[in-house]
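**Q** One structure is given below, represented as structure tokens, and several questions about it will come after.
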Amino acid sequence: MGQFEVSLRLVVTGKIPNAGLEVLRQAGFTPDAWMNDTAISRQELLEKVKGADVLITLLTERVDEELLQAAGPQLKAVCNVAVGYNNIDVAACKSRNVLVTNTPGVLTDATADIALALILMVTRRLAEGERVIRSQTPWQWGMFYMLGTGITNRVLGVVGMGAIGIATARRAKACGMSVIYFSRSEIDSKVATELGAKKVSLEELLKTSDVVSIHCPSNEATHHLIGATQFAMMKNSAFLVNTARGPIVDEQALVNALEAKEIAGAGLDVFEFEPKINAGLIGRDDVVLIPHLGSATTQTRDAMATLAAKNAVAIATGNSPLTQVS
Ligand code: GLV
């Protein structure tokens with residue numbers, strides 16, 4: 001590798017696992033990495049990206065026109081350490097010939113595990129039960145105590161049948177659920193047969209599912225895809241699970257639907273105005289709320305950082321990235 005390449009400025013805008021930094025160092029780069037546990041402030045971020053050739057970003061950093069301008073015209077790529085890239089203005093990057101990459105594949109199972117966990121937690125009232133114990137509220141086993149809803153022989157409706165949607169469907173099927181899905185794209189016919197999954201309209205999915213699980217990307221087309229009208233279509237006994245991105249669901253409409261008992265409950269890993277949580281959700285026992293843990297395993301985060309770093313190295317050395325978004 002020539003001097004020119006290793007002198008490129010690679011900026012890592014948030015703390016990432018060493019596995020990722022090692023990939024950069026092994027390739028001869030000296031990354032300028034934000035090493036604090038707390039996220040970088042916007043002001044510091046705009047300073048830090050100055051003169052960067054490649055940015056490695058976390059989903060908490062907004063990559064917009066302002067940031068691209070702060071970085072400068074030499075910027076070649078933004079390598080997100082996430083599969084979702086709604087934090088990045090892809091069109092703005094494209095118009096500046098800045099490549100965008102993400103980290104698909106490596107977090108599929110971890111995220112699907114969390115979707116299944118939320119399905120079980122919300123249908124079986126597990127968080128609510130845990131709160132009883134932790135608050136030392138008196139309790140006693142009883143025939144009618146804290147009854148939930150079984151998922152065997154129930155219908156899972158997957159919104160967005162990409163890799164994570166499919167992995168969630170597999171898990172749900174193993175638990176005895178049948179699967180229907182709504183998706184922009186066709187899935188592999190072998191996978192559809194294996195899962196016995198039927199493609200339906202969003203309306204049919206909402207009307208038929210006992211659990212609706214969101215797995216589509218967050219973009220203009222999917223903003224508030226699930227809102228008041230959609231909640232009104234769902235069964236009163238149905239549950240909503242979201243491990244994708246908060247803005248896909250109109251959070252206030254969700255609170256209203258829960259309040260009106262239009263649906264039975266929700267399991268949420270992501271929130272519309274993350275990390276802020278709608279006050280109307282906090283006190284409810286019919287919701288399970290966890291802090292964006294979809295990909296939060298040590299192994300998965302190592303793999304995400306490694307893939308993002310490999311993308312960065314490929315681009316910095318004039319090669320094609322492994323997982324380019326646009
Ligand atoms: C996590 O939320 C991701 O998009 O990778």
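**Q** Among the residues of region 270-291, is there at least one that is farther than 21 Å from A115 by Cβ, in a helix (DSSP H, G or I) and either within 16 Å of the ligand (Cβ to nearest atom) or touching a residue at least 60 places away in the same chain (Cβ under 8 Å) (or both)?
**A** no
**Q** If you check V212 against the conditions, is it over 15 Å from V83 (Cβ atoms) and in a strand (DSSP E or B)?
**A** Values: over 15 Å from V83 (Cβ atoms): yes; in a strand (DSSP E or B): yes.
Against the criterion (over 15 Å from V83 (Cβ atoms) and in a strand (DSSP E or B)), V212 qualifies.
**Q** Given the criteria open to solvent by less than 10 Å² (accessible area, probe 1.4 Å), touching a His at 6+ places or on another chain (Cβ under 8 Å) and under 28 Å from A163 (Cβ atoms), does V241 qualify?
**A** no
**Q** Any chance region 34-55 includes a residue that's touching a Phe, Trp or Tyr at 6+ places or on another chain (Cβ under 9 Å), modelled with pLDDT of 95 or more, in a helix (DSSP H, G or I) and open to solvent by less than 20 Å² (accessible area, probe 1.4 Å)?
**A** Scanning region 34-55 turns up at least one residue that is touching a Phe, Trp or Tyr at 6+ places or on another chain (Cβ under 9 Å), modelled with pLDDT of 95 or more, in a helix (DSSP H, G or I) and open to solvent by less than 20 Å² (accessible area, probe 1.4 Å).
**Q** Can we say Y145 is away from the ligand (no atom under 16 Å from the Cβ) and either assigned to a helix (DSSP H, G or I) or crowded, with 18+ Cβ neighbours inside 10 Å (or both)?
**A** When the stated conditions are applied, Y145 does not pass them.
**Q** Now, a different point. Output yes when any residue across region 301-322 is within 16 Å of the ligand (Cβ to nearest atom), in a helix (DSSP H, G or I) and polar (S, T, N, Q), and no when none is.
**A** Yes, because at least one residue in region 301-322 is within 16 Å of the ligand (Cβ to nearest atom), in a helix (DSSP H, G or I) and polar (S, T, N, Q).
**Q** So in region 94-118, with the set limited to residues that are in contact with a helix residue (DSSP H, G or I) (Cβ under 7 Å, 6 or more places away or on another chain) and away from the ligand (no atom under 14 Å from the Cβ), which one is least open to solvent (accessible area, probe 1.4 Å)?
**A** Checking each candidate, the answer is V98.
**Q** Can you work out which of the residues in region 294-304 that are out of contact with any helix residue (DSSP H, G or I) (no Cβ under 6 Å at 6 or more places or on another chain) and of a type outside the set (S, T, N, Q) is nearest to T111 (Cα to Cα)?
**A** Per the criteria, the residue is A296.
**Q** I would also like to ask the following. For region 148-167, what are the residues that are assigned to a helix (DSSP H, G or I) and either without any contact (Cβ under 8 Å) to a residue 60 or more places away in the chain or small (G, A, S) (or both)?
**A** A163, G165, I166, A167
**Q** Here's something else I'd like to know. For region 237-259: of the residues being charged (D, E, K, R) and assigned to a helix (DSSP H, G or I), which is nearest to the ligand (Cβ to nearest atom)?
**A** E251
The values are calculated or read from the model by the stated rules, or taken from the named source; none is laboratory data. Computed from a predicted model, the values in this text were never measured in an experiment. Don't worry about glycine lacking a Cβ; one is built from the backbone with ideal geometry, like all the others, and counts go over all protein chains shown. Side chains are part of the model used for accessible areas, which takes the heavy atoms of the whole protein and leaves out ligands, DNA and RNA. Shrake-Rupley method; radii C 1.70, N 1.55, O 1.52, S 1.80 Å.
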